[in-house]
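Everything on this sheet refers to the single structure shown next.
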């Protein structure tokens with residue numbers, strides 16, 4: 001079988017063979033149709049089709065009509081290359097558009113980062129201006145993510161003072177209110 005396939009490919013590539021001329025014209029025309037003539041050579045496509053045929057024969061598949069099989073395979077290879085080329089162009093366009101959007105957002109992101117930094121500094125400064133009791137309650141509630149019940153139990157074991165959960169919630173609410181007030185004072189003092 002391999003000998004028949006090799007003989008068919010040799011006859012197609014023979015210089016004075018009219019079938020070979022027709023086949024090579026078909027390959028050239030198909031490359032032009034898919035706008036790939038500048039990227040791929042006719043012989044590269046034929047060699048790729050030949051290698052696929054050899055692999056197919058070695059896997060045990062019988063190719064009945066090698067010329068027709070080569071024609072169909074060449075056409076499919078060119079279609080595969082065309083799809084890959086379109087996908088690559090689409091990917092490049094997507095990358096370029098993302099890069100352009102990122103450049104446009106760069107200034108906005110820089111301004112946003114600067115504003116966030118200012119706000120974080122204001123929160124930090126405000127936090128250090130409230131009492132240590134307020135800091136302790138806010139840290140346990142919002143940073144340690146403890147429930148009011150857990151904070152209550154912890155205070156029961158570490159402090160002599162007996163506080164019920166309702167009072168603890170009110171203290172937490174007032175501590176947050178004082179923190180907000182100090183934060184707004186920081187923001188107002190930072191504004192020109």
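The values are calculated or read from the model by the stated rules, or taken from the named source; none is laboratory data. Keep in mind it's a predicted model, so treat the numbers as computed, not measured. Cβ sites come from the backbone with ideal geometry, for glycine too, and all protein chains shown count toward neighbours.
Computed quantities for the displayed model
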item: Selection status of residue 46, part of a helix (DSSP H, G or I) and either modelled with pLDDT under 90 or under 30 Å from residue 173 (Cα atoms) (or both); result: yes
item: Residue 141 vs. criteria modelled with pLDDT of 85 or more and either in the same structural domain as residue 174 (by TED's automatic domain parsing) or surrounded by 10 or more Cβ atoms within 10 Å (Cβ to Cβ) (or both); result: yes
item: Selection count where residues are touching a residue at least 24 places away in the same chain (Cβ under 8 Å) and assigned to a helix (DSSP H, G or I), scope segment 59-98; result: 13
item: Pairs, first without any contact (Cβ under 8 Å) to a residue 40 or more places away in the chain in segment 168-192, second crowded, with 16+ Cβ neighbours inside 10 Å, C-beta under 6 Å, six or more apart; result: 168/152; 171/137; 172/137; 172/141
